[in-house]
Amino acid sequence: MSIDSTPPLEQLSLSGTVEEAQFSRRVLIHSILSRPDGGAGLAGQVVKIGGWVKTGREQGKGAFAFLELNDGSCPANLQVIVESGVHKLGDLVPTGTSVYVEGELKKPPEGTKQKIELKVLKVLDVGTVDAAKYPLPKTRLTLEFLRDFVHLRPRTNTVTTLINEAEKLEKELKENPAPSEADIVAAELLVKEKGEAVAQLKSAKASKEEISAAVAVLTKAKENLVKLQERFRLGNRCKLSAGIPKKDGKIDYSEDFFARQAFLTVSGQLQVETFACALSSVYTFGPTFRAEQSHTSRHLAEFWMVEPEIAFADLQDDMNCAEAYVKFLCQWLLDYSLADMEFMAAHIDKTCIDRLKMVASSNFYRITYTEAIAILEEVSKARKFENKVEWGIDLASEHERYLTEEKFKAPVIVYNYPKGIKAFYMKLNEDKKTVAAMDVLVPKVGELVGGSQREENYEVLRARILEMNLPLEPYEWYLDLRRYGTVKHSGFGLGFERMILFATGIENIRDVIPFPRYPGRADL
Ligand SMILES: NC(=O)C[C@H](N)C(=O)O
């Protein structure tokens, strides 16, 4: 589930720093340590690294600190050395502390295990930890114990590795589904054919080289057949087990099944933040539910949302990532699904291909909410909107469509919204009136993406929860992410069905999901 938003080191301009990289200018530890030389060849490069301290110690009578730093990109840690003149060392060494640093990769002294280490030149950011309170001690922890800290367990190697493995397997299942019987028959025929070719060559007393070349081909065909048979067996076993009923055949639907009231989620964001605050850059993709009384062609009570969450990223990085992602999706459809798009253009909406091309190639306009309101106020002197325009309103669909379809005729990112209309977790701006939120608006559907920089400051977040009359208790785990090794982080959600709506030109969102749920309809 991790997204590697950091380009491989080789692709970065390494004149010294990695300023040219588009969003996150961080380098993942994996991209250093997984090189065949263990990273030794990178000695001399200056890079930015962000991660969480696994273990830290001060040495040389407080002259420097050694940190074993992990960013979730691989189980291995990078050894980081900080001299006392660079930063207060005591703040850096507790387990769980987050650090974002710029430093020079160096060859460690002879005789050490590591092939490369980082000497810190500048500490860019630190999220401290009160060592006495951090719930994950340095000792080996049982999985049972960690189950009580699901929001912090992504910071353990076991959980990180499990998630990475699950992601690889999921990809494998999608890209290489179990072979069909026809695949097996074809492979059997190939073995037969190649076997006959060998026999023929032998009886014709062909040269040794010719025979051994044919035998090699036969061996390959046989190996392939065995692999297919094995995968076929496994694939079928999976399919069968999915249909086996539970032992007693019953499911408890009573209210206290979870021993408390439980809800369907409106977003995976708060949960995915726990992973971003351990694996750095991640995403989640799943169903989300909103019981809004919105009888419109753009709302569903169940919709699927892609939600990236990026550590060490601010609102600018977030907007850059969202813009690049939307453009990527449009270009992907043009490159790999043009026949489907041509079908849509012929039957549904003749402008859909042009719209994709326009979005894929344009720079999105970026305006603040305050600027957007000024534009809308100005235009509402000459035309009537159904919904009143004034600072503090939530933009209505007609406003969003005016901005993208008439004013700019291109995608627009509106950012810095009034705090009163946005969620408690969004980062409060210095003006104390607005929050670092952004929406990507596109022609045809209006809001396609909504996101924000998250409030990473413990005190401010706590105050915001209280200010919005929310109870603290259910958010204690969320506050823990800010108590222990907090980092600047941002993310967004892209409504998957809205993306399909936008791409295809279908009029009603209820037609782009297999089983639409909306007010009055929850069954098939
Ligand atoms: N992941 C996100 O930022 C999406 C946001 N939580 C929303 O529901 O709009």
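The values are calculated or read from the model by the stated rules, or taken from the named source; none is laboratory data. Here the structure is a predicted model, which is why all the values come from computation and not from measurement. Virtual Cβ from ideal backbone geometry, glycine too; neighbours counted across all protein chains shown. Ligands, DNA and RNA are stripped out before the accessible areas are found, and what is left, the full protein with its side chains, is counted by its heavy atoms. Shrake-Rupley method; radii C 1.70, N 1.55, O 1.52, S 1.80 Å.
Taking the alpha carbon gyration tensor of region 268-511, what are the square roots of 5 times its eigenvalues, largest first, to the nearest whole Å?
On the way: eigenvalues 189, 99, 53 Å².
Ellipsoid semi-axes (Å, largest first): 31, 22, 16.
I'd like to know how the chain sits against the 2.2 N^0.38 Å rule of thumb: what's its Cα Rg over that expected value?
Numbers: Rg = 27.7 Å, N = 524, 2.2 N^0.38 = 23.8 Å.
Cα-based Rg divided by the globular estimate yields 1.17.
What percent do you get for the relative contact order of region 268-511 when only Cα pairs under 8 Å and 6+ apart count?
Values: 413 pairs, mean separation 61.7, N = 244.
For region 268-511, the relative contact order is 25 percent.
Hey, which of these cross-link pairs are over 31 Å Cα-Cα: 106/171; 106/327; 106/427; 107/427; 350/407; 88/113?
Details: 106/171 36 Å; 106/327 38 Å; 106/427 37 Å; 107/427 40 Å; 350/407 22 Å; 88/113 27 Å.
Distance filter (> 31 Å) returns 106/171; 106/327; 106/427; 107/427.
State the antiparallel share, in %, of DSSP beta bridges confined to region 35-123, rounding to the nearest 5.
Working: 26 of 28 bridges.
Counting only bridges with both partners in region 35-123, antiparallel ones make up about 95 percent.
Around residue 440, under 11 Å between beta carbons, what's the net of Lys plus Arg minus Asp minus Glu among the other residues?
-2
Figure the gain on full extension for residue 384 and residue 257 (residue separation times 0.36 nm, minus the Cα-Cα span) and round it to one decimal in nm.
Details: separation 127, 0.36 × 127 = 45.72 nm, distance 5.16 nm.
Going from the current span to full extension adds 40.6 nm.
Tell me whether region 20-134 comes out rounded, prolate or oblate; compute the Cα gyration tensor, take square roots of the eigenvalues as a ≥ b ≥ c, and use a/c under 1.5 as the rounded threshold. Each step should come with its number before you reach the end.
Details: a/c = 1.56, a/b = 1.29, b/c = 1.21.
Verdict is prolate for region 20-134.
Ratio to report: Rg/Rh of region 453-523, with Cα atoms as the point set and Rh obtained by the Kirkwood method; give two decimals. Don't skip to the answer; put the middle values down first.
Values: Rg = 18.8 Å, Rh = 15.6 Å.
When Rh is taken as the Kirkwood radius, the ratio is 1.20.
If R₀ is 56 angstrom, what is the calculated FRET efficiency for the pair residue 292 and residue 205, using the beta carbon separation as r and rounding to 0.05?
Numbers: r = 81 Å, r/R0 = 1.44.
Result of the calculation: an efficiency of 0.10.
With a cap of 13 neighbouring Cβ atoms within 10 Å, and only residues DSSP puts in a loop, list the trypsin sites (Lys or Arg not before Pro) found in region 423-479. The partial results should precede the final answer.
Values: sites: 427, 432, 433, 444, 454, 462, 464; in loops: 427, 432, 433, 444.
Here the trypsin sites (Lys or Arg not before Pro) that fit, given the DSSP loop and packing criteria, are 432.
Of the options 56, 268, 500, report the single residue whose Cα projects farthest towards the positive end of the charge dipole of the chain (beta-carbon charges: Lys, Arg +1; Asp, Glu -1).
Going by the Cα projections, it comes out as 56.
What translational diffusion coefficient, to the nearest whole µm²/s, does region 334-379 have by Stokes-Einstein, given a Kirkwood radius computed over alpha-carbon pairs, a temperature of 20 °C and 1.002 mPa s viscosity?
The estimated diffusion coefficient comes to 166 µm²/s.
Suppose each label sits 7 Å from its Cα in the direction of the beta carbon; what would the residue 347-residue 59 distance come out to in nanometres?
So the label points at residue 347 and residue 59 sit 6.8 nm apart.
Work out, in µm²/s and without decimals, the Stokes-Einstein translational diffusion coefficient of region 356-429 at 10 °C, 1.306 mPa s, Rh from Kirkwood over C-alpha pairs.
Taking Rh from Cα pairs, D becomes 119 µm²/s.
With every protein chain kept in place and ligands, DNA and RNA left out, what is the accessible area per residue of the chain? Probe 1.4 Å, answer in Å². List each step's numbers first, then the result.
Numbers: 28330 Å² over 524 residues.
About 54 Å² of surface per residue is accessible.
Given 0.36 nm per residue, what is the gain on full extension from residue 186 to residue 430 after removing their alpha carbon distance, in nm? Show your work: numbers first, answer last.
On the way: separation 244, 0.36 × 244 = 87.84 nm, distance 6.68 nm.
The span from residue 186 to residue 430 would gain 81.2 nm if fully extended.
Taking the Cα centre of the chain as origin, work out the dipole magnitude from +1 charges on Lys and Arg Cβ and -1 charges on Asp and Glu Cβ, in debye rounded to 20. Can you show the working numbers first?
Working: 69 positive and 75 negative charges, 230 e Å.
So the magnitude is around 1100 debye.
Could you size up the charge dipole of region 352-496 around its Cα centre, putting +1 on the beta carbon of Lys and Arg and -1 on that of Asp and Glu, and report it in debye to the nearest 20? Write down the numbers at each step before the final one.
Details: 22 positive and 22 negative charges, 60 e Å.
Roughly 280 debye, rounded to the nearest 20.
At a Förster radius of 56 Å, what calculated FRET efficiency corresponds to the Cβ-Cβ distance of residue 366 and residue 213, to the nearest 0.05? Provide the component values of the computation, followed by the final result.
Values: r = 62 Å, r/R0 = 1.11.
Once rounded, the FRET efficiency stands at 0.35.
May I ask you to list the aspartates and glutamates whose Cα is less than 18 Å away from that of residue 222, ignoring any residue fewer than eight positions away on the same chain?
Within reach: 181, 183, 188, 193, 196, 230.
Kindly provide the helix-only [θ] at 222 nm of the chain, computed as the sum of -39,500 (n - 2.57) over DSSP H runs of four or more divided by all residues, to the nearest 500 deg cm²/dmol?
Values: 14 runs with 183 residues, N = 524.
Using -39500 (n - 2.57) per qualifying helix, the result is -11000 deg cm²/dmol.
Rounded to the nearest percent, how much of the accessible area of the chain (1.4 Å probe, protein heavy atoms only) is carbon and sulfur? Before the final figure, lay out the partial values.
On the way: 15560 of 28330 Å².
The C+S portion of the solvent-accessible surface of the chain is 55 percent.
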